[in-house]
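The structure appears below as structure tokens.
The values are calculated or read from the model by the stated rules, or taken from the named source; none is laboratory data. Just so it is clear, the model here is predicted, and its values are computed rather than measured. Don't worry about glycine lacking a Cβ; one is built from the backbone with ideal geometry, like all the others, and counts go over all protein chains shown.
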Amino acid sequence: MIAALSLSILLPLTPREADAAAPACYNPNQSNKTYVNVSVATLWKEPGAKRTTDKYSLSNPVDMRTWTAKMPTTSSRIWLTGKTETQGLYGQEIQVLKTSGSWVQVAVKDQYTPKSKYGYPGWMPKTQIITQKAGYENCQTASVKIKTAYLYNDKIKKFLEVSFNTRLPIINVQQDWVQVMTPANQAKWIKRSDINIYMTLSKIPKPKGSDLVNTGKVFLGLPYLWAGNSAFGFDCSGYTHSIYKYHGILLPRDASEQIKKGKFVNKTQLQPGDLMFFAYNKGKGRVHHVAMYAGNGKMIHSPKAGKTVEIISINTSPYKQEYAGARRYL
């Protein structure tokens, strides 16, 4: 068991209090950085007015469960296509690119894309970001390992529901609880059983292909969400990007870029965890979809609006006809 730190913080800290009372891992000399300050931030292609339904994704806090429940039909989810770009999770570092009224264009730093050298770009409300001193970056990291987990104010009262793959710095470890620091420099508690603890993210154990597939199976039945990158809904490449990231491997955000990384794998030599890509024009055109090989001639993927994460035969149409190649990243 990891030894507990002596610090116990229950209230928000002022900058001066943070410097004076912080744990040994705190570095008061770090510069300011900007973070996502809602459980899941949805990045849009353009700033401005959205559907009434989308207010649940534009507030602070957001209400992801209500937002996704308010899109029960295939058409209501297809509407997002081309309008949303990606999502960032609570505490993820972002780079501010520009502002427009109450909106800000940001780039999610760990989501590679040729669209921006800073990360995956998109627009979000200013109220969903926060800039703070990045003093806790040398602390251990709590990584959420279940679909969603709650942060608590005092181990009793719930503060915020966060997604799988949310990562927050640790300031206190106890037997059943871990205290983490939020983007707003507020100390909160999370159940020890809901997270993995890493000394550094470079210490995440290298996965086997079966580990990737087993993680993917956790989300079977989860409805597809265009631009989704959280346990409230994934698109195809958000699904594969998130699974690999959980296991310490950063892939590009989009399928069209994921296919450019890793090692080529012949279709007859597929192994669990390999990614399979699909393209228009019978596999010769633009890549539009990605799935993970699950073994035994099957693949697991988040297919499209109106469908859920599923396991199907790799010979299912139209995927059999649109197969464009496979890559291995292990």
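Structure summary
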| quantity | calculated |
| --- | --- |
| All positions within segment 117-129 that are buried (at least 18 other Cβ atoms within 10 Å of the Cβ) and either hydrophobic (A, V, I, L, M, F, W, C) or closer than 15 Å to T86 by Cβ (or both) | G119, Y120, P121, G122, W123, M124, Q128, I129 |
| From W177, W226, residue being out of contact with any Ser or Thr (no Cβ under 9 Å at 6 or more places or on another chain) and either of a type in the set (D, E) or not assigned by TED's automatic domain parsing to the domain that holds Q128 (or both) | W177 |
| Residue match in segment 104-114 (condition: at pLDDT below 95 and more than 19 Å from the chain's Cα centre (by Cα)) | no |
| Residue match in segment 113-122 (condition: under 18 Å from V62 (Cβ atoms) and in the same structural domain as K98 (by TED's automatic domain parsing)) | yes |
| Conditions (1) surrounded by 20 or more Cβ atoms within 10 Å (Cβ to Cβ); (2) under 19 Å from the mean Cα position of the chain (by Cα); (3) among the basic types (K, R); number of the one not met by K145 | (1) |
| Members of segment 204-223 found to be in a loop (DSSP other than H, G, I, E, B) and either at positive phi or of a type in the set (K, R) (or both), listed by number | K206, K208, G221 |
| Answer from S237, S313 - the residue that is closer than 24 Å to Y112 by Cα, in contact with a helix residue (DSSP H, G or I) (Cβ under 9 Å, 6 or more places away or on another chain) and among the small types (G, A, S) | S237 |
| Verdict on T66 being exposed (fewer than 14 other Cβ atoms within 10 Å of the Cβ) and within 20 Å of the chain's Cα centre (by Cα) | yes |
| Which numbered condition G88 fails, given (1) free of Cβ contacts under 8 Å to residues at least 24 places away in the same chain; (2) surrounded by 15 or more Cβ atoms within 10 Å (Cβ to Cβ); (3) within 30 Å of I197 (Cβ to Cβ) | (1) |
| First in segment 228-249 and closer than 21 Å to K83 by Cα and modelled with pLDDT of 95 or more, second anywhere and of a type in the set (D, E) and not in a loop (DSSP other than H, G, I, E, B), Cβ under 9 Å, 6 or more apart | S237/E257 |
| Unique match (being farther than 20 Å from V162 by Cα, touching a helix residue (DSSP H, G or I) at 6+ places or on another chain (Cβ under 8 Å) and without any contact (Cβ under 8 Å) to a residue 60 or more places away in the chain) among S76, S100 | S76 |
| E93 being closer than 13 Å to I129 by Cα, charged (D, E, K, R), touching a residue at least 12 places away in the same chain (Cβ under 8 Å) and buried (at least 17 other Cβ atoms within 10 Å of the Cβ) | yes |
| Matching strands (runs of 3 or more DSSP E) fully within segment 233-314 where at least 2 residues are surrounded by 23 or more Cβ atoms within 10 Å (Cβ to Cβ) | 275-279, 287-295, 298-301 |
